[in-house]
Amino acid sequence: MSAKVGKPAPDFTMKVAKPGDTAVTVGTTVSLSDYKGKWLVFFFYPLDFTFVCPTEITALSDRFSEFEEIGADVLGVSIDSQFSHLAWMNTPRDKHGLGELNFPLAADITKSVATDYGVLIEEAGIALRGLFIIDPNGVLQYAVVNNLNIGRSTDETLRVLQALQTGGLCPSDWKPGKATLKVG
């Protein structure tokens, strides 16, 4: 299955490192069905312990309450193991780690989820920076993919999510509080 906007999002089940995990508790699983009834911001990043990735992950984590306030959850994923994720989460930010996060990181060791979402760079064995917004019914509503060297904007992710939630026609540069387009 491949990800297509307007179609059901490809299913997944992966092991995760989540806030509060230890070496003993890490590795519970998460599936797309766990997010039924909520919006999901589902994003891929290339690798743990890199340079651009923590800027994106910590920015999303720092603003996680804004996603929660509008009925959304966040899930990050890379091809690293849940143990690598946990080590990165247990490394303080001032030591190039993530520190405490507000959402889990999933382990796509088989690279099947990155393949299903069309972000796997096969020759490198890592994922591009793909970000997907899945609605409460499991339908993929938004997809954007960046190359490895460009970080994504948390402001833009929130704006797009809020635009999708209006159910209306949102013009260019629409922001929450502004009117949607009226046709007819």
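FYI, it's all coordinate maths here, none of it is from the lab. All values reported here derive from a predicted model rather than from experimental measurement. Counting neighbours? That spans all protein chains shown, and the Cβs are built from the backbone with ideal geometry, glycine included.
Would you check region 13-151 for Lys pairs whose C-alpha atoms are within less than 21 Å, ignoring same-chain pairs closer than 8 in sequence, and give me the count? Intermediate results must be reported in sequence, preceding the final value.
Working: Lys15/Lys36; Lys15/Lys38; Lys15/Lys111; Lys18/Lys36; Lys18/Lys38; Lys18/Lys95; Lys18/Lys111.
The result is 7.
For the chain, with only Lys/Arg (+1) and Asp/Glu (-1) charged at the beta-carbon, what is the dipole magnitude about the Cα centre, in debye rounded to 20? Before the final figure, lay out each step's value.
Values: 16 positive and 21 negative charges, 92 e Å.
In total the dipole reaches around 440 debye.
If R₀ is 35 angstrom, what is the calculated FRET efficiency for the pair Val183 and Glu122, using the beta carbon separation as r and rounding to 0.05? Could the numbers behind the result be given before it?
Working: r = 43 Å, r/R0 = 1.23.
FRET efficiency, Val183 to Glu122: 0.25.
Of the peptides 153-162, 168-177, how do they stack up when ordered by the mean number of other Cβ atoms within 10 Å, highest first? Don't jump to the answer; show the numbers that get you there.
Numbers: 153-162: 17.4, 168-177: 11.3.
So the peptides 153-162, 168-177, ranked by packing, come out 153-162, 168-177.
Once the Cα atoms of helix 53-62 and of the chain are each reduced to a long axis, what angle between those two axes, in degrees from 0 to 90 to the nearest 10, is obtained?
Roughly 60 degrees, rounded to the nearest 10.
Would you mind classifying the chain by shape? Square roots of the alpha carbon gyration tensor eigenvalues, ordered a ≥ b ≥ c; an a/c under 1.5 is rounded, otherwise it is prolate if a/b is larger than b/c and oblate if not.
On the way: a/c = 1.72, a/b = 1.51, b/c = 1.13.
Here the chain falls in the prolate category.
Specify whether the C-alpha gyration tensor of region 11-65 places it in the rounded, prolate or oblate class, a ≥ b ≥ c being the square roots of the eigenvalues: rounded for a/c under 1.5, otherwise prolate if a/b is larger than b/c and oblate if not.
Values: a/c = 1.62, a/b = 1.18, b/c = 1.37.
Oblate, because a/c is 1.5 or more while a/b does not exceed b/c.
Which residues does the label zone of Thr22 cover in region 85-113, counting backbone N under 19 Å from a point 7 Å along Cα→Cβ?
85-92, 100-101
Can you give the FRET efficiency for Leu169 and Ser33, using 1/(1 + (r/R0)^6), R0 = 25 Å, r = Cβ-Cβ distance, to the nearest 0.05? Walk me through the numbers on the way to the answer.
Details: r = 30 Å, r/R0 = 1.22.
With a Förster radius of 25 Å, E is 0.25.
Calculate, for Lys7 and Lys111, the FRET efficiency according to 1/(1 + (r/R0)^6) with r their C-beta to C-beta distance and R0 30 Å; round to the nearest 0.05.
Values: r = 21 Å, r/R0 = 0.71.
E(calc), rounded to 0.05, equals 0.90.
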